[in-house]
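Below: one structure, written as structure tokens.
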Amino acid sequence: MSARVTGLGVVSALGPDAAALLAGLRQGANACAVHEFKYLDGHTVRAPAYMAATPEAKGLIDPKKLRRMDRFCRMCAVAARQALATAGIDVARLDPARTGVVFGTAFGAMTTTQAFVDSWLKQGERHGSPLNFMNSVHGIVASQIALDLGVTGVNLTLSQRDLSFEAALVSALHALENGEADLLLVGGGDELTPLMHEFGARMRQVNLNPVTPGLDPFLPTHPTMPGDGAAVFVLEPDRGQRKAMARLEAAAIGRTAASAKTLARVAARANSGDLLVTTNRGGGRTAARLRDNADKTVDVVLGRARPKLTHRGAFGDFASAGALQFAANVLMLSGREVFAPMSRGRLRNELVAGLGPPQTILHDAAGISGSHACYLLTSEP
Amino acid sequence: MPTRAVAITGLGLVGAVGSSVAAWRAAAAGEKSGLKRLTLFESELAAEIPVGQYDGDLPADFAAARRPLTRREFKRMSRGDLLALVAAAQATGEAGLSQTALSQGGVYLGQSVCGTFSSERYYVESWRNAQNGVAQPRAGVNALYVHEPAQSVDVLAREFGLGGPCTSFMTACSSGANAIGRAALLIARGEAEVMLAGGADSLSRITLNGFHSLQLVSPDGPRPFDAQRTGMTVGEGAGMLVLESLEHAKARGAKIPALLSGYGHSCDAHHLTAPHPQGAGAFAAMKDALRSAELEPGDIGYINAHGTSTLDNDRTEALAIARLFGDAAVPVSSTMRFFGHTLAASGAMKAVLCVEALRQRKLWPNLGLRTALAEAQLDLVREIRQAPGLKHVLSNSFGFGGNNAALVFTRVDP
């Protein structure tokens, strides 16, 4: 059984909604900018990053509920509301018990978690901030979205490092196939905070050169350029009447050791041999090595070498950027167009030369620590 | 459950009362709580509130259950990873699965703060060093690497050579139960033959100070369902189950103490921390679990309740139980005073206790109970009770965000 993607909402460095993402991907807008990150020892680092735009929440979310959401939660909750709006769904008419939320995030609400720790470091362990603690819980986004919409069905949060969104997608598809829900909001998101940037810098994973024009996902010698954002999708069972933007035919998550088998199983669901391959290629030497090996597996499974696109050069490379790639893939299928990848702030049109509008997209994601995920999206007939 | 039956063939447990299912049986028989004074880290709260701390040697436990860890491996693991590993080693050891079977299996692990004990130390040291003008924290990047919840999943996948679906579920205190329920669904629908499933969480400053900030922690320890209860106790631990399709387990001649026969799940959509005042979400999750097990309320012989001993949880859970099952119609107990509230591990540890209840045909005591709460009539189990006809048991797990999960287990007669 497949599922239908009937709506999407996106908050990214390219702008506060899906229209901005679409325009940015088409035109090759460079969302990379130099930002300041204050590290724990007090010194400030200026480095390039893809920080998501601030979305307009007014009119979408009850101001009382909004006050209890931090920046990360707002991004995700606004994306959820956008997704429902693009699908033309009246929230008041949803069946609460048959509507759910499945969300993937590697790190959760980091700013609020840090604020909570700061509260008791500064004021003593008896005086932690209760509001910050309750908003630091890893599953807070799924809970806040459910609370905002009043939906009481499936509510899951998954975390699998850089494949957190893909893990959520697999669970959401299973939940629909099991008949657990009639409509799911499935999404992914992560936020870039100074602390996260410092983590990345200490691990020598992020680019600290402020004059770099933008992420080059195709050059493994360059450290990655982080970003943040969120994307949420309306996923409905195959039987629905609403117009679909794309169909999710299959999705799976496993380990690298079994990736060929997993990929073959998912790719077998493709009706046409003429499929477009997208991947999670981002930046950094280690990730590039993982990706190179994964690309070879993709070619072996598909029987020949194929071009592989990634759009992280447009919105940055972060743990749940897979959600934004999924958005790009849905937009390519629904718009019958192919977006050229970006690298170093410019469109690489030569990488899509000869590629027609895709009808089927196979996405392959190789995660750090031996994880692997893939999914197959097709255009609505 | 849809289509295929799901067998439980291995159990692993580590927590404040010890590191084995046998340690649990001894604690239950002696009605001995594992709660104690916090020594794992320095805390202003240590003298005031007890915790459910595991005092054993986790690397030694793992060595006894499976193999010794190298120094390098140990350095790269969080306390949460070790708790998960020990419980998983016990469970896989009991199940006696071949490496071939494991290589086709996966792991679903429930967590809430698993690596935080390591990463918060890095953060706190960095913060204090910054106050004192010292730049570098002592903790290295390993502390950061292990922060991610998926670290424990990756550790388990590598250790047991798992090739199937591996991921972590983060639904606060219902994480472990949801991980088990989702893993069972995966087997039931034929996506996997074997899954390791459970939950693990270690004590950390964040959880201790967090629950204290919410004024939910009791200086006297938990007294679940007691009229005079004053709150919960934070604990740590892990529970792991080996789940298999019944066909797979039978084909290899495995001992099958129980089936995971039902899973229900709901969201309150009411408040970030407080449960629905009438326990609507708890009721829905239990009802959903019974429906998926194709059972009626009267079929359930014992409920291992969430029973955290907070004012709100116990009242609303009692109301939901009474509404679904009737007044005092089914024996109920909470085992929180043995382990403390082990957060994401809690649902998984209770799952282990439920299977053990079916295996031993015993109902576990609700330690700490003096006078039962008045809001609902429950048949609370005050001391170990023999239950010769015990066939189906239900376990509840509820988390922040109103995230509710219920599991049903069914005894398989040898």
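The values are calculated or read from the model by the stated rules, or taken from the named source; none is laboratory data. Predicted model only: the values in this text are computed from it and were never measured. Cβ placement follows ideal geometry from the backbone for every residue including glycine, while neighbour counts extend to all protein chains displayed. Accessible surface is based on the protein model in full, side chains and every heavy atom, while ligands, DNA and RNA are left aside. Shrake-Rupley method; radii C 1.70, N 1.55, O 1.52, S 1.80 Å.
Rolling a 1.4 Å probe across all protein chains gives B:MET349 an accessible area of roughly 10 Å². Only protein heavy atoms count here; under a 1.4 Å probe, A:LYS261 has an accessible surface of about 150 Å². Not counting ligands, DNA or RNA, and with a 1.4 Å probe, what is A:VAL211's accessible surface area in Å² rounded to the nearest 10? For A:VAL211, solvent-accessible area is about 120 Å². Using only the Cα atoms of the stretch B:118-261, build the gyration tensor, take square roots of its eigenvalues as a ≥ b ≥ c, and label the shape rounded, prolate or oblate: rounded if a/c is under 1.5, else prolate if a/b is larger than b/c, else oblate. It comes out oblate by the Cα gyration axes. On average over all directions, what projected area in square nanometres does chain A have, based on the convex hull of its Cα atoms? The number I arrive at for chain A is 18.0 nm². Between A:ALA260 and B:ARG128, the FRET efficiency estimated from the beta carbon spacing at R0 = 45 angstrom works out to 0.40.
Each label was represented as a point 7 Å from its Cα along the Cα-to-Cβ direction; for B:ASN142 and A:LEU351 these points are 3.7 nm apart.
Ranked from largest to smallest solvent-accessible area, with a 1.4 Å probe on the protein heavy atoms, A:LYS308, B:LYS255 come out as B:LYS255, A:LYS308. With both labels modelled 7 Å from their Cα along Cα-to-Cβ, the A:HIS43 to A:GLN27 distance reads 3.9 nm.
Of all DSSP beta bridges in the protein assembly as shown, what percent run antiparallel (nearest 5)? Walk me through the numbers on the way to the answer.
Working: 84 of 123 bridges.
If I count the DSSP bridges inside the protein assembly as shown, around 70 percent turn out antiparallel.
Counting charges near B:LEU38 (Lys, Arg +1; Asp, Glu -1) among other residues having Cβ under 12 Å from its Cβ returns a value of -3.
Give the average over all directions of the projected area of the C-alpha convex hull of the stretch A:257-344, one decimal, in nm².
Numbers: hull surface 25.2 nm².
Averaging across all directions leaves 6.3 nm² for the Cα convex hull.
The listed residues B:HIS341, B:HIS270, B:HIS212, once ranked by accessible area (1.4 Å probe) with the largest placed first, stand as B:HIS270, B:HIS212, B:HIS341. Net length available on complete extension from B:ALA227 to B:ALA26 is 69.6 nm, with 0.36 nm assigned per residue and the Cα-Cα distance removed.
If you take all other residues with their beta carbon under 11 Å from the beta carbon of B:GLY281, and give Lys and Arg +1 and Asp and Glu -1, the sum is -2. All C-alpha pair distances within the stretch B:1-150, sorted into 10 Å bins from zero, spread as 9, 29, 35, 18, 7, 1, 0 percent across the bins. Label positions at B:ARG71 and A:LYS296, each projected 7 Å from the Cα along the C-beta direction, are separated by 3.5 nm. Calculated mean residue ellipticity at 222 nm for chain B: -11000 deg cm²/dmol, from DSSP H runs with n ≥ 4 weighted as -39500 (n - 2.57), summed, divided by the residue count and rounded to 500.
Extension gain for the segment B:ARG370 to B:ARG252, taken as residue separation times 0.36 nm less the Cα-Cα distance, is 37.8 nm to one decimal. Beyond 20 Å in Cα-Cα separation lie the following of the pairs B:LYS32/B:LYS362; A:LYS261/A:LYS296; A:LYS38/A:LYS122; A:LYS65/A:LYS243; B:LYS75/B:LYS350: A:LYS65/A:LYS243; B:LYS75/B:LYS350.
The base-10 log of I(q)/I(0) for the stretch A:148-247, evaluated at q = 0.10, 0.13 Å⁻¹, reads -0.43, -0.65 [Debye formula, identical scatterers on Cα atoms, solvent excluded].
Ellipsoid fit via the Cα gyration tensor, the protein assembly as shown: semi-axes of 40, 29, 25 Å, each the root of five times an eigenvalue, largest first.
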